[in-house]
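Here's the structure, in structure tokens; my notes come after.
The values are calculated or read from the model by the stated rules, or taken from the named source; none is laboratory data. As the structure is a prediction and not an experimental result, all values here were calculated from the model. Here the Cβ positions follow ideal geometry from the backbone for every residue, glycine too, while neighbour counts run over all protein chains shown.
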Amino acid sequence: MVSSKCVPNVVTYGTIINGLVKQGRALDGARVLALMEEPDSQPDVVTYNILLNALCKQSSISRAIDLLNSMLDRGCDPDLVTCIIFLRTLREKLDPTQDGREFLDGLVVRLLKRQRVLGASKIVEVMLQKLLPPKPSTWARVVEDLCKPKKVQAAIQKCWSILYC
């Protein structure tokens, strides 16, 4: 493919990773993910979720968390599916509710430290839907970051555009 000057994109890589995962070769899928360096082929949340799901199903939790950290470092925010993958995995532990809350709360804090308030607020939304309220200190950080003047103004403008467009 590359020899014919056809450059693979994120969909191509995602398909390859998905095929490897279905064959039980999640570690090979991780190697393919590591090859995704071109701007047009940066992994997206779907690609990460394919691999995260496989690693969690294989009980490679530490590798899955390393991959999640890599995902965050690359600027890719987790989505609802990412949260469900980890919550499902944590459900198999002794205190799944507490473990899930702790995990998601920690994820919110990490996103806030990286100034990714939108991603953090999406995770808080998932937490509330799953009846796993964030810790008071996490709530305080989220509200503080959301209430910064430019963010409030942007949120108001977005609401108005939704109402009148």
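Limited to region 24-62, what total is found for residues that are loosely packed, with under 15 Cβ neighbours inside 10 Å and either touching a strand residue (DSSP E or B) at 6+ places or on another chain (Cβ under 6 Å) or over 24 Å from E92 (Cα atoms) (or both)?
Going through region 24-62 one residue at a time, the tally reaches 7.
Looking at region 4-52, which of the residues that are touching an Asp or Glu at 6+ places or on another chain (Cβ under 7 Å) and outside any helix (DSSP H, G or I) is modelled with the lowest pLDDT? Steps first, please.
First, pick out the residues of region 4-52 that are touching an Asp or Glu at 6+ places or on another chain (Cβ under 7 Å): 7, 9-10, 20, 45.
Then keep just the ones that are outside any helix (DSSP H, G or I); that gives 7, 9.
Values: V7: 77, N9: 85.
The qualifying residue modelled with the lowest pLDDT is V7.
Can you tell me which condition V143 does not meet? The list is (1) under 22 Å from G19 (Cα atoms); (2) surrounded by fewer than 15 Cβ atoms within 10 Å (Cβ to Cβ), and all the others hold.
Single failed check for V143: (1).
Check I85, I65 and return the single one that is surrounded by fewer than 20 Cβ atoms within 10 Å (Cβ to Cβ) and either among the β-branched types (V, I, T) or modelled with pLDDT under 80 (or both).
Numbers: I85 fails: surrounded by fewer than 20 Cβ atoms within 10 Å (Cβ to Cβ).
Unique residue meeting the criteria: I65.
Filter region 88-109 for residues that are over 21 Å from Y48 (Cα atoms) and in a helix (DSSP H, G or I); which is modelled with the highest pLDDT? Outline the logic, then answer.
At the first step, the residues of region 88-109 found to be over 21 Å from Y48 (Cα atoms) are 92-99, 101-102.
Restricting the remaining residues to those that are in a helix (DSSP H, G or I) gives 96-99, 101-102.
Values: P96: 59, T97: 64, Q98: 67, D99: 74, R101: 82, E102: 85.
Of everything passing the filter in region 88-109, E102 is modelled with the highest pLDDT.
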